[in-house]
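A short write-up of the structure that comes next.
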Amino acid sequence: MLMTKPHKTVVLRRLAFIILCVSLGWFLKAKTTPRAGMMGMMGQTPYVLVERVQMQDTLKAQNHIAHVEAINSVSLQPRVSGMIDAVLFEEGSFVKEGDILFEIESDTFKATLDLRAAELERAKAALTEAERNYERQKKLSGQNISSKASFDAAESAFLQAKAGVAEAKASWNLANISYEDTFSRAPISGYIGKALVTKGNRVVASQQVLAKIVQLNPVRVAFNLTDKEFLAFKSKAKGEKNPHIKARITLPDGTLVVKDFISGFVDNEVSKNTATVSIYGDFENDDEKLVPGSYVQIALILEPKMRIVVPQAALMQDENGFYVFVVNEHSVAEERRLVLGEVSDDKQVVEEGLNEGEMVVVKGVQKLSNGIKVQPSLVGSAR
């Protein structure tokens with residue numbers, strides 16, 4: 001079967017139809033998609049993301065793995081044997097030094113204390129009688145009315161009665177101590193854990209742990225420096241007029257805190273196995289961010305170096321240098337020329353050109369010009 005060529009008129013019609021479709025498509029696209037350069041002319045305000053300018057510690061210091069320790073922790077043990085009558089704390093709560101935590105068969109020990117008190121009173125009464133008899137015999141002996149044997153017997157009875165009072169008083173003191181020990185008290189302030197012995201169970205003095213208390217404030221951080229690092233830091237600290245040593249601590253979640261040393265000490269020798277020196281620093285922990293048992297990173301610094309930093313995504317550059325756009329209180333973008341310093345982590349240090357608290361544009365800078373009205377949204381905030 002022979003193929004015939006399409007007529008020239010048909011080809012022209014088809015070509016005209018294709019051109020018409022393409023032209024219509026471009027027309028509709030232009031209508032539905034406003035160009036970025038025309039947004040200001042069409043009255044549309046561009047959206048931008050902004051971030052608040054902050055001061056950040058840019059001092060370079062080497063981090064070391066450190067272990068958080070409780071300065072004081074107590075495994076509470078009973079001082080008397082008996083049945084647990086009551087558990088008087090909430091597990092996991094904060095307890096103060098002197099708080100009663102457990103009551104151990106106090107009624108039995110109270111009865112023993114009362115018995116010793118009665119014995120003491122009896123001994124005092126016997127002493128009073130012996131003393132009167134002694135004074136009587138002493139007077140009669142001086143008048144040669146009573147015999148020497150009667151005087152000696154009265155004197156001996158008086159001295160024995162005094163010893164009896166001392167013995168009874170000592171027995172009462174021991175009973176009172178035992179009675180007080182039936183109320184197991186917190187020896188330190190801190191957080192108490194689980195009750196390891198509950199009501200109705202019998203405990204033996206100094207044989208069981210009732211609960212554990214851990215002090216959280218202040219807290220201790222232990223870490224190691226190599227012998228070279230320790231000597232270098234020590235030499236640097238001596239070179240300062242008034243060295244004020246701080247610690248920059250990075251928590252497990254990445255949070256950075258700077259704390260002053262309350263006190264600290266260095267181990268008395270270098271480990272021959274690791275060639276390191278153990279350092280122990282005590283810190284205030286009012287916010288309880290340092291949890292005993294956790295691992296953190298610590299860097300020793302003499303003074304934090306706080307400087308203005310901005311995200312590198314905010315920076316623009318032209319033939320005149322670097323600049324950013326700052327959004328003022330009227331939501332107007334202002335071009336701000338900068339003098340830059342070094343890079344600190346993922347941020348750019350700014351020596352001049354910005355103030356703390358200003359809002360710098362970090363996304364959408366390409367569609368901005370100086371003086372344009374914008375709709376800012378703070379990074380991390382929901383709109």
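Miscellaneous remarks
- Qualifying positions in the range 116-146 - out of contact with any helix residue (DSSP H, G or I) (no Cβ under 8 Å at 6 or more places or on another chain) and more than 30 Å from ALA175 (Cβ to Cβ): GLU135, LYS139, GLY142, GLN143, ASN144, ILE145
- Some residue of the range 310-326 being surrounded by 15 or more Cβ atoms within 10 Å (Cβ to Cβ), in contact (Cβ under 8 Å) with a residue 12 or more places away in the chain and under 30 Å from ILE245 (Cβ atoms): yes
- Any hit, the range 163-175, residues being under 22 Å from SER106 (Cβ atoms) and hydroxyl-bearing (Ser, Thr, Tyr): yes
- Residue within the range 262-276 that is at pLDDT 90 or above and surrounded by 13 or more Cβ atoms within 10 Å (Cβ to Cβ) present: yes
- Considering (1) modelled with pLDDT of 95 or more; (2) over 24 Å from SER81 (Cα atoms); (3) aliphatic (A, V, I, L, M), the lone condition that ALA170 does not fulfil carries the number (2).
- Scope the range 333-383; condition touching a Ser or Thr at 6+ places or on another chain (Cβ under 7 Å) and of a type outside the set (A, V, I, L, M); matching residues: SER344, LYS373, GLN375, PRO376, ARG383
- Within the range 76-119, the residues that satisfy the criterion of being among the aromatic types (Phe, Trp, Tyr) and either surrounded by fewer than 17 Cβ atoms within 10 Å (Cβ to Cβ) or part of a loop (DSSP other than H, G, I, E, B) (or both) are PHE89, PHE94.
- Selection from the range 366-383 of residues that are assigned to a loop (DSSP other than H, G, I, E, B) and in contact with a strand residue (DSSP E or B) (Cβ under 8 Å, 6 or more places away or on another chain): LEU368, SER369, ASN370, GLY371, ILE372, VAL374, VAL379, ARG383
- Strands (runs of 3 or more DSSP E) fully within the range 252-365 counting 1 or more residues that are among the acidic types (Asp, Glu) and assigned by TED's automatic domain parsing to the domain that holds LEU49: 316-318, 333-337, 339-344, 347-352
- Residue tally, condition part of a loop (DSSP other than H, G, I, E, B) and surrounded by fewer than 19 Cβ atoms within 10 Å (Cβ to Cβ), over the range 155-194: 5
- Condition check for VAL209: out of contact with any Cys (no Cβ under 7 Å at 6 or more places or on another chain), modelled with pLDDT of 90 or more and not assigned by TED's automatic domain parsing to the domain that holds ASP260: yes
- So LEU231, is it surrounded by fewer than 13 Cβ atoms within 10 Å (Cβ to Cβ) and either in the same structural domain as SER263 (by TED's automatic domain parsing) or of a type in the set (Gly, Ala, Ser) (or both): yes
The values are calculated or read from the model by the stated rules, or taken from the named source; none is laboratory data. Fair warning: this is a prediction, and the values are worked out from it, not measured in the lab. Cβ coordinates were reconstructed from backbone atoms using ideal geometry, including for glycine residues, and neighbour counts include every protein chain displayed.
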